[in-house]
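The structure appears right after this line, and notes come after that.
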Amino acid sequence: MLLYEGKDSFLEEVVDFKKAKYVLLPVPMDITTTYLKGTKFGPRSVIEASRSLENYDSELDFEVRDVVFTSGELEIPPDAVKATDVIKSTVSDVLLEKKLPILLGGEHTITYGASLAFDEDVIFVIFDAHADFKKDVLGSPINHASNSRLINKRNKVILVGTRSLSQEDKKDLAKSKIPIFRAQDYSRLKTNLSELKNLIKNKNVYISVDMDVFDPAVAPGVGTPQPGGIFYETMLEYLKIIVGSGKLVGFDVNEVRPLGENNITEILAAKLVIDLISLNER
Ligand SMILES: [Mn+2]
């Protein structure tokens with residue numbers, strides 16, 4: 001496990017590894033992205049953004065303090081299969097220490113790597129504008145556009161906020177019986193929340209947030225933006241239901257692509273990490 005210097009830690013908190021309940025893993029993987037490159041700079045940028053936020057989460061009335069150990073950046077080899085192995089073994093190490101892993105991406109494929117470290121009974125709730133259910137992209141079996149399909153081979157997948165898919169994807173998703181809570185179904189939010197609750201009640205749950213699930217107006221710094229996404233308030237409703245009724249075993253926030261001066265995507269990503277810890281701790 002890599003130790004980071006205090007100045008580069010999440011929320012400026014220097015936490016002793018032994019005492020920490022969470023381990024934040026910056027995963028600068030940016031190998032298979034197809035449209036806009038730059039997600040490898042995401043983790044560092046989100047950590048930097050977190051340092052401008054309060055530890056106190058006023059939405060959830062909880063103060064995040066002395067619980068997160070910030071690891072150094074994972075060394076990601078430039079090959080998707082090898083990169084997946086590195087992520088899997090690092091997450092396994094964290095789980096062996098009985099700590100909850102938090103991954104910061106990086107392209108969405110990091111979630112597939114992480115999934116291999118968990119038992120098969122863990123449900124993966126994936127927030128993503130894209131279904132990521134492609135079979136074979138550019139001849140590569142491991143690709144950010146096939147993330148959900150890959151995870152679904154071992155673990156149950158639930159998609160939230162999805163609005164970009166092909167007709168073939170739609171058929172395949174139906175065949176695989178993947179529950180989808182579309183971004184367009186905002187007017188059904190209450191019904192969606194109770195349906196989701198029933199699916200994950202008392203189950204082990206891993207949450208993956210691809211930042212492009214949000215409306216590009218509030219999260220423009222992503223690799224593949226998609227109009228018509230959800231907003232922060234809706235996300236919080238979903239997270240409250242998931243952490244409240246399931247048992248959180250890990251989570252990630254991924255696909256942040258820093259734009260430079262405009263860092264609202266990183267701020268939002270950092271806030272989600274704080275929110276998820278608050279929800280899980282309070
Ligand atoms: Mn996506």
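Determine if segment 25-36 includes at least one residue that is among the acidic types (Asp, Glu) and open to solvent by 80 Å² or more (accessible area, probe 1.4 Å). Lay out the reasoning, then the answer.
So in segment 25-36, the residues among the acidic types (Asp, Glu) come out as 30.
Then keep just the ones that are open to solvent by 80 Å² or more (accessible area, probe 1.4 Å); that gives none.
There is no residue in segment 25-36 that is among the acidic types (Asp, Glu) and open to solvent by 80 Å² or more (accessible area, probe 1.4 Å).
For GLU75, the criteria (1) in contact (Cβ under 8 Å) with a residue 40 or more places away in the chain; (2) open to solvent by 60 Å² or more (accessible area, probe 1.4 Å) hold in every case but one, which is (1).
Scan segment 105-131 residue by residue and report those that are of a type outside the set (Asp, Glu), open to solvent by less than 10 Å² (accessible area, probe 1.4 Å) and within 13 Å of the ligand (Cβ to nearest atom). Result: GLY105, GLY106, HIS108, THR109, ILE110, THR111, ILE126, PHE127, ALA129, ALA131. Could you tell me whether segment 202-209 includes any residue that is more than 16 Å from the ligand (Cβ to nearest atom), closer than 24 Å to ILE274 by Cα and buried (at least 19 other Cβ atoms within 10 Å of the Cβ)? Yes. Quick one: in segment 169-196, of everything that is among the hydrophobic types (A, V, I, L, M, F, W, C) and modelled with pLDDT under 95, which residue is nearest to the chain's Cα centre (by Cα)? That would be ALA183.
Of all residues in segment 37-66, those that are buried (at least 19 other Cβ atoms within 10 Å of the Cβ) and under 16 Å from ALA270 (Cβ atoms) total 11. Restricting segment 136-149 to residues that are open to solvent by 30 Å² or more (accessible area, probe 1.4 Å) and assigned to a loop (DSSP other than H, G, I, E, B) leaves a set whose member that is modelled with the highest pLDDT is PRO141. Residues in segment 173-201 that are of a type in the set (Val, Ile, Thr), within 16 Å of the ligand (Cβ to nearest atom) and open to solvent by less than 30 Å² (accessible area, probe 1.4 Å): ILE178 alone.
For the subset of segment 80-100 comprising residues that are open to solvent by less than 30 Å² (accessible area, probe 1.4 Å) and of a type in the set (A, V, I, L, M, F, W, C), which member is nearest to LYS21 (Cα to Cα)? Before the answer, list the steps.
If we filter segment 80-100 for residues that are open to solvent by less than 30 Å² (accessible area, probe 1.4 Å), which is where we start, we get 80, 83-84, 87, 90-91, 94, 99-100.
Filter once more, so that each one left must be of a type in the set (A, V, I, L, M, F, W, C): 80, 83, 87, 91, 94, 100.
Values: ALA80: 29, ALA83: 25, ILE87: 19, VAL91: 14, VAL94: 10, LEU100: 6 Å.
The residue in question is LEU100.
Just to be sure, is LEU239 more than 16 Å from the ligand (Cβ to nearest atom), open to solvent by less than 10 Å² (accessible area, probe 1.4 Å) and out of contact with any Pro (no Cβ under 8 Å at 6 or more places or on another chain)? So LEU239 fits the description; yes. Looking at segment 150-172, which of its residues are open to solvent by less than 50 Å² (accessible area, probe 1.4 Å), at negative phi and within 13 Å of the ligand (Cβ to nearest atom)? The answer is LEU159, VAL160, THR162, ARG163, SER164, ASP169. Within segment 217-231, restricting attention to residues that are modelled with pLDDT of 95 or more and open to solvent by less than 40 Å² (accessible area, probe 1.4 Å), the residue that is nearest to the ligand (Cβ to nearest atom) is VAL222.
The values are calculated or read from the model by the stated rules, or taken from the named source; none is laboratory data. Here the structure is a predicted model, which is why all the values come from computation and not from measurement. Every residue, glycine among them, receives a Cβ derived from its backbone with ideal geometry; neighbour counts consider all protein chains shown. These accessible areas exclude ligands, DNA and RNA; they are computed on the full protein's heavy atoms, side chains included. Shrake-Rupley method; radii C 1.70, N 1.55, O 1.52, S 1.80 Å.
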